[in-house]
Amino acid sequence: MRALRIVLLLLVALLVWLQYRLWLGGGGQGEVQALQQQVQQQARDNGGLKQRNDALGAEVKDLKNEGGGEAIEERARSELGMIKPGETFYRVVEQANATPADPADKPEEQQP
């Protein structure tokens, strides 16, 4: 009878120790959940990077094709501001503080 109690006590202690390792120990349930969240975040990041790579690949393919001259010209015009010979370049700049056209709309100046 005494031996049975000792064995039962050892089994309960073993069960408690295993439960502790499962839930709180290294490689336990909490760590597994954290790693699963990291995997999901990395999968989302990889999806965004794949879309960007696909877009860049399509752009490279477009530049390498026979019609790539048009794509190169478009990039030169938009990114570098280049123009063809004989063209006139106009830049429209909006003023930050535009003055009112009607003098009646001007705020009155205060006199000291």
| field | Extreme residue, surrounded by the fewest Cβ atoms within 10 Å (Cβ to Cβ), among residues of segment 30-81 that are in contact with a helix residue (DSSP H, G or I) (Cβ under 9 Å, 6 or more places away or on another chain) and of a type in the set (A, V, I, L, M, F, W, C) | value | I72
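On the given criteria, is G69 modelled with pLDDT under 90, touching a Phe, Trp or Tyr at 6+ places or on another chain (Cβ under 9 Å) and assigned to a helix (DSSP H, G or I)?
On the way: modelled with pLDDT under 90: yes; touching a Phe, Trp or Tyr at 6+ places or on another chain (Cβ under 9 Å): no; assigned to a helix (DSSP H, G or I): yes.
Taking the combined requirement at face value, the residue does not satisfy it.
Can you find a residue in segment 80-87 that is basic (K, R), modelled with pLDDT under 80 and over 30 Å from W23 (Cα atoms)?
So the first thing to find is which residues in segment 80-87 are basic (K, R), and the list is 84.
Of the ones still in play, those that are also modelled with pLDDT under 80 are none.
Scanning segment 80-87, I find no residue that is basic (K, R), modelled with pLDDT under 80 and over 30 Å from W23 (Cα atoms), so the answer is no.
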| query | Do we have G27 as surrounded by 10 or more Cβ atoms within 10 Å (Cβ to Cβ), within 41 Å of the chain's Cα centre (by Cα) and outside any helix (DSSP H, G or I) here? | reply | yes
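The values are calculated or read from the model by the stated rules, or taken from the named source; none is laboratory data. Predicted, not measured: the structure shown is a model, and the values here were computed from it. Ideal geometry is used to build each Cβ from the backbone, glycine not excepted, and the neighbour counts take in all protein chains shown.
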